[in-house]
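Enquirer: Dumping the structure here so I can ask a few things about it.
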Amino acid sequence: MELSHYLTLSAIIFSIGLYGVLTRRNALGILLSIELMLNSVNINLVGFSHFITPALLAGQIFTIFTITIAAAEAAVGLAIINNIYRSAKTVNCDEINLMKG
């Protein structure tokens, strides 16, 4: 496999995630789409690391860092969505108006 294959796969996954963020009304769907976008970044990091500097493993280390950030983001996001559901009884972003006075 060549670097272009990794970049193409990453671009496709990032596009699917971006489309999901822009079109979803459900907060959980938006959170999952953000995870897709972060995973596409991981594919890029590993691909570039493998083909440009295979001895350094810098891409893999950054990928582990990104996975850690994604796990923290998912935990905080799910906690926020859980609290919004408890108070508003919905997770649709269009129907949530908790900040309005």
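The values are calculated or read from the model by the stated rules, or taken from the named source; none is laboratory data. Just so you know, these numbers come straight off a predicted model, no measurement behind them. Here Cβ is always computed from backbone atoms with ideal geometry, including for glycine, and neighbour counts include all displayed protein chains.
Enquirer: State yes or no: is Ser87 of a type in the set (S, T, N, Q), in contact with a Gly (Cβ under 6 Å, 6 or more places away or on another chain) and without any contact (Cβ under 8 Å) to a residue 40 or more places away in the chain?
Expert: No; evaluated as a whole, the condition is false for this residue.
Enquirer: While we're looking at this one, here's another question. Would you mind stating whether Thr23 is in contact with a helix residue (DSSP H, G or I) (Cβ under 8 Å, 6 or more places away or on another chain) and under 30 Å from Ile84 (Cβ atoms)?
Expert: No: the conditions fail for Thr23.
Enquirer: Pick from segment 17-49 the residues that are over 20 Å from Asn92 (Cα atoms) and β-branched (Val, Ile, Thr): which of them is nearest to the chain's Cα centre (by Cα)?
Expert: So, considering only residues that are over 20 Å from Asn92 (Cα atoms) and β-branched (Val, Ile, Thr), the one nearest to the chain's Cα centre (by Cα) is Val41.
Enquirer: Further, regarding this structure: Look at segment 2-21 and say how many of its residues are of a type outside the set (Val, Ile, Thr) and closer than 21 Å to Ile52 by Cβ.
Expert: 10
Enquirer: Anything in segment 68-79 that is of a type in the set (A, V, I, L, M) and in contact (Cβ under 8 Å) with a residue 12 or more places away in the chain? List them, or say none. Working first, answer last.
Expert: Filtering segment 68-79 for residues of a type in the set (A, V, I, L, M) gives 69-72, 74-76, 78-79.
Selection gives Ile69, Ala70, Ala74, Leu78.
Enquirer: Looking at segment 16-28, I want the residues that are small (Gly, Ala, Ser) and have a partner that is modelled with pLDDT of 90 or more and in a helix (DSSP H, G or I) with Cβ atoms under 6 Å, at least 6 apart or on another chain. Which pairs are those?
Expert: From residues that are small (Gly, Ala, Ser), the pairs are Gly17/Ser33; Gly17/Leu36; Gly17/Met37; Gly20/Ser33; Ala27/Ile81.
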